[in-house]
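Engineer: Take a look at the following structure, please.
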Amino acid sequence: MTVYVALLRAVNVGRRQLAMNDLKAVAEELGLQNCRTFIASGNLLFTSAKGEREVALALGKAIGAHMGKPVEVIVRTAAEMTAVDAANPFAHEPGNRVVAIFLDEAPPADAASGAKNVADEKLALGLREIYVHFPRGQGRSKLKIPAAAAGTARNMNTVRKIAELAKEMR
């Protein structure tokens with residue numbers, strides 16, 4: 001069994017509300033095991049013998065059916081979440097000022113140079129992530145990263161905690 005983390009994009013923002021108990025129930029109906037959520041921003045930890053793509057597609061379809069609209073789901077293994085935390089190029093900055101934007105594929109080489117409205121933010125590319133340091137906070141930033149449009153962001157405090165929880169499930 002593999003320990004996975006599913007990161008949902010744009011839930012519990014505006015009108016896209018999803019109770020974490022509902023998320024857990026949908027996952028359990030799919031046969032995913034040891035399901036648990038972390039904070040109300042669409043983070044699901046679970047175990048499965050199925051592959052990453054298979055669980056991502058199944059979860060996206062099932063959650064979309066539950067909510068009545070499409071929901072993008074990005075999946076990582078427990079080891080990958082630990083690696084994302086370890087690879088943080090801005091580890092010396094406060095964790096609430098740095099995000100990892102999770103993508104399905106590797107970011108394009110020009111993802112950072114293609115960013116718009118860059119003020120004092122710093123960007124770095126990961127394996128399937130884009131790291132961003134927001135010195136003044138993400139809420140004040142006007143930064144737009146076209147390459148990250150289909151991704152979902154988590155601050156590094158959240159990434160670290162999810163990685164720890166996932167490691168405990170191994």
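The values are calculated or read from the model by the stated rules, or taken from the named source; none is laboratory data. Owing to the predicted nature of the structure, the values given are computational and were not obtained by experimental measurement. Don't worry about glycine lacking a Cβ; one is built from the backbone with ideal geometry, like all the others, and counts go over all protein chains shown.
Engineer: Between residues in the stretch 125-147 that are in a loop (DSSP other than H, G, I, E, B) and residues that are basic (Lys, Arg), which pairs lie under 7 Å by C-beta distance while being six or more apart or on different chains?
Structural biologist: Matching pairs, first to second residue: Phe134/Arg97; Pro135/Arg97; Gly137/Arg97.
Engineer: Considering only the stretch 151-164, I want to know if a residue exists there that is within 14 Å of the chain's Cα centre (by Cα), closer than 30 Å to Gly31 by Cβ, without any contact (Cβ under 8 Å) to a residue 40 or more places away in the chain and part of a loop (DSSP other than H, G, I, E, B).
Structural biologist: no
Engineer: Looking for whichever is exposed (fewer than 15 other Cβ atoms within 10 Å of the Cβ), of a type in the set (Gly, Ala, Ser) and not assigned by TED's automatic domain parsing to the domain that holds Asn157 here; the options are Ala91, Ala65, Ala87. Which one fits?
Structural biologist: Ala65
Engineer: Residues Ala56, Ala79: which one is crowded, with 18+ Cβ neighbours inside 10 Å, closer than 19 Å to Thr37 by Cα and either among the small types (Gly, Ala, Ser) or not assigned by TED's automatic domain parsing to the domain that holds Ala19 (or both)?
Structural biologist: Ala56
Engineer: Please state which of the following conditions Leu103 fails to meet, knowing it meets all the rest: (1) in contact with an Asp or Glu (Cβ under 7 Å, 6 or more places away or on another chain); (2) surrounded by 21 or more Cβ atoms within 10 Å (Cβ to Cβ); (3) not assigned by TED's automatic domain parsing to the domain that holds Leu143.
Structural biologist: (3)
Engineer: Among the residues that make up the stretch 34-46, is at least one of them buried (at least 18 other Cβ atoms within 10 Å of the Cβ), outside the structural domain of Gly137 (by TED's automatic domain parsing) and without any contact (Cβ under 8 Å) to a residue 12 or more places away in the chain?
Structural biologist: Scanning the stretch 34-46, I find at least one residue that is buried (at least 18 other Cβ atoms within 10 Å of the Cβ), outside the structural domain of Gly137 (by TED's automatic domain parsing) and without any contact (Cβ under 8 Å) to a residue 12 or more places away in the chain, so the answer is yes.
Engineer: Take the residues of the stretch 151-170 that are over 16 Å from Asn88 (Cα atoms) and basic (Lys, Arg): which is surrounded by the most Cβ atoms within 10 Å (Cβ to Cβ)?
Structural biologist: Lys167
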